[in-house]
2 protein chains.
Amino acid sequence: MIMEYISSAKNDHIKAAKKLTVKKYQKQAGAYLLEGWHLVQEAINAGQQPRRIYATEKFLNERELKPFYDQTTEISPDVAKHLAETETPQGIFAVLPLEEDKLSEPLSGQYLLLDAIQDPGNVGTLVRTADAAGVKTVVFGGGTADPFNPKVLRAMQGSQFHVKIVSTPLPRLVENLKKAGIPVYGSELNDAAKPYREVAPSDQFALIVGNEGNGMSQDLLAATDQNLYIPIKGRAESLNVAIAAAVILFHLTA
Amino acid sequence: MIMEYISSAKNDHIKAAKKLTVKKYQKQAGAYLLEGWHLVQEAINAGQQPRRIYATEKFLNERELKPFYDQTTEISPDVAKHLAETETPQGIFAVLPLEEDKLSEPLSGQYLLLDAIQDPGNVGTLVRTADAAGVKTVVFGGGTADPFNPKVLRAMQGSQFHVKIVSTPLPRLVENLKKAGIPVYGSELNDAAKPYREVAPSDQFALIVGNEGNGMSQDLLAATDQNLYIPIKGRAESLNVAIAAAVILFHLTA
């Protein structure tokens, strides 16, 4: 069987695939475009069913792609460049179903809550870091970059296939976490904040991290059980939000 | 006295200033361009002497700029946009002397060593994180992004004015650190690596972090006293280099 080959970026399939990097079209199609060999491998290993794979010639003999032969279309390097968000594309893309995870009930375990984190690199790094720390659920609150944004996908490094990614408003969730007896920690310096090392590691907690410029929303801050802060020894005024989350998470999960 | 006003990006001073974002011209002129109000304030507060400040009208009455009135040139918003590396420029820039720090002798204290860290955002975040952790010296080894790269400057958030930034080859420095009795830690997973929590915090250490894709150079790795690793609990394969450095540094400096 001869595989389909596309060498023009004006091909309708390619135009449609390119749109799957944009939220509006992702929602319409119920699908998103994932770029790069490592990430496509992660998706396949996680049991994801690509609707279509676009790959340049060098990937066509990869063992992991064999089960998806019927869904694979060969593309030229020029088309790969057109589809790519990266400057030096590897030349492989998968169209994957846009499935949002739901919170497991009853609420239990460790959670990272993102309150209006805007930078896609920060958001992706936060998910990757939560994954590494063993935190099983990352909640995207209002104002947070979209999980299917290409830059978020790249920074997550496939961790979206290892942890639950849930988009939901945080205020109600925080109430429910507290009802479930799960301590909710903020991460903003205020008069009542406690150095993070004074809280013992635990298998039940939720940590909220806030917007890069403005910090956590005041309502959420008021709803936390305890605010944690990282004592600064030098003269830096603050830490990058993903760095701060990492330091606290690796302590709480130790 | 009427302040000079420049409204054309073709003005020779502006053309020269723009070049001061590029390493080659920075070296020739012995100066670099720093963008943004927070960073310019940090520079002034650190006692830096700007050779020139380019500012749009809204900054001209700032108290901190008064001592530099003779060095300040007003620019139009269009010129600010031309000079800027950011998408929404604030409209203020300083031309600062390109001064490299030197290592304080005798060697003593806490060091972060960057071995071929290529991503400017990572490099800048590493310096900012070292600053926050109280580490006083960050050493840029071969292959590491330049400290005066605009993206590095942005991610450092002014921490270059709080810690020593030294560019020097790492192999010889590591030998000298060891001779001075300062333990040198690697951060690469190998058979002999130790979980980072098993090493006690100390006021004397050097931590080496390695290239994003390839890790530390093998020669450096062989020269370390001990390799440290961060146990991964989830299924992420690795951590972002700045995240990993943060987790280890905040432990070692606790």
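Using the alpha-carbon centroid of each, what span in Å lies between the range A:203-248 and the range B:112-161?
With the range A:203-248 and the range B:112-161 each reduced to a Cα centre, they are spaced 22 Å.
Would you mind telling me which residue in B:192, B:55, B:242 has the biggest mean-square fluctuation in a Gaussian network model of chain B, where springs connect alpha carbons within a distance under 10 angstrom?
Of B:192, B:55, B:242, the Gaussian network model singles out B:192 as fluctuating most.
With springs only between Cα atoms under 10 Å apart, run a GNM on chain A and tell me which of A:146, A:225, A:115 wobbles the most.
A:225
In the protein assembly as shown, what % of DSSP beta bridges are antiparallel (nearest 5)? Please list the in-between numbers first.
On the way: 20 of 70 bridges.
So the antiparallel bridges in the protein assembly as shown amount to around 30 percent.
Just for the range A:1-127, what percent of DSSP beta bridges are antiparallel, to the closest 5?
On the way: 9 of 14 bridges.
Given both bridge residues lie in the range A:1-127, the antiparallel proportion sits at roughly 65 percent.
Let me make sure I get this right: for the range A:110-253, a, b and c are the square roots of the gyration tensor eigenvalues over alpha carbons, sorted descending. Under 1.5 in a/c it's rounded, otherwise prolate if a/b > b/c, else oblate. Which is it? Mind dumping the intermediate values first?
Details: a/c = 1.39, a/b = 1.20, b/c = 1.16.
Note, shape of the range A:110-253 comes out rounded.
Need one number: % antiparallel among DSSP beta bridges in the range A:110-253, to the nearest 5.
Working: 1 of 21 bridges.
If I count the DSSP bridges inside the range A:110-253, around 5 percent turn out antiparallel.
Taking Cα centroids, how far is the range A:165-180 from the range B:1-46 in Å?
The two parts, judged by their Cα centres, are 48 Å apart.
Can you tell me which of B:76, B:217, B:104 moves the most in a GNM of chain B? Springs connect C-alpha atoms under 10 Å apart.
B:104
Classify the range A:106-163 from the C-alpha gyration tensor, please: rounded if a/c falls under 1.5, else prolate or oblate depending on whether a/b exceeds b/c. Don't jump to the answer; show the numbers that get you there.
On the way: a/c = 2.09, a/b = 1.29, b/c = 1.61.
Oblate shape, in that a/c is at least 1.5 and b/c is the bigger or equal ratio.
Relative to the other copies, what are the label-point distances for residue B:229, with labels 7 Å from Cα along the C-beta vector, expressed in nm at one decimal and sorted shortest first?
For residue B:229, the other copies' label points sit at 3.7 nm, shortest first.
Under 1.5 on a/c is rounded, so check that first for the protein assembly as shown, then, if it is not, pick prolate when a/b is larger than b/c and oblate when it is not; a ≥ b ≥ c are the square roots of the alpha carbon gyration tensor eigenvalues. Don't skip to the end; give the middle numbers.
Values: a/c = 1.44, a/b = 1.22, b/c = 1.18.
In terms of gyration-tensor shape, rounded.
Run lengths n ≥ 4 of DSSP H only: what is the helix-derived mean residue ellipticity at 222 nm for the protein assembly as shown, with -39500 (n - 2.57) per run over all residues, to the nearest 500? Could the numbers behind the result be given before it?
Details: 18 runs with 160 residues, N = 508.
Here the helix-only value at 222 nm equals -9000 deg cm²/dmol.
Tell me which residues come under 5 Å, amide H to amide H, from residue B:117 once H is placed; ignore anything under 5 positions away on its chain.
Answer set, sorted by chain and number: B:144, B:145.
Measure up B:23/B:102; B:178/B:233; B:10/B:66; A:19/A:81; B:19/B:164; B:23/B:58 against 22 Å on the Cα-Cα distance and list the ones that go over.
B:178/B:233; B:10/B:66; B:19/B:164; B:23/B:58
Could you check the simple spin-label distance between residue A:103 and residue B:176, using points 7 Å along Cα→Cβ, in nm with one decimal?
The two pseudo-label positions are separated by 5.6 nm.
Peptide B:124-131: average number of partner chain Cβ atoms within 10 Å per residue?
Numbers: counts 1, 5, 1, 1, 7, 8, 2, 7.
Partner Cβ neighbours, averaged per residue: 4.
Quick one: label points 7 angstrom along Cα→Cβ at residue A:213, distances to the other copies in nm, smallest first?
3.4
Under the definition of partner shielding as Cβ atoms of other protein chains within 10 Å of a residue Cβ, what is the mean value for peptide A:242-253? Present the calculation step by step, with values, prior to reporting the outcome.
Values: counts 5, 14, 4, 2, 11, 9, 1, 2, 13, 4, 0, 3.
Across A:242-253, the average partner-chain Cβ count within 10 Å equals 6.
All of the numbers you see were taken from the coordinates with simple rules; none came from a lab. All values derive from a computational prediction rather than experimental measurement. With ideal geometry, Cβ positions are generated from the backbone for all residues, glycine too; neighbour counts draw on all protein chains shown.
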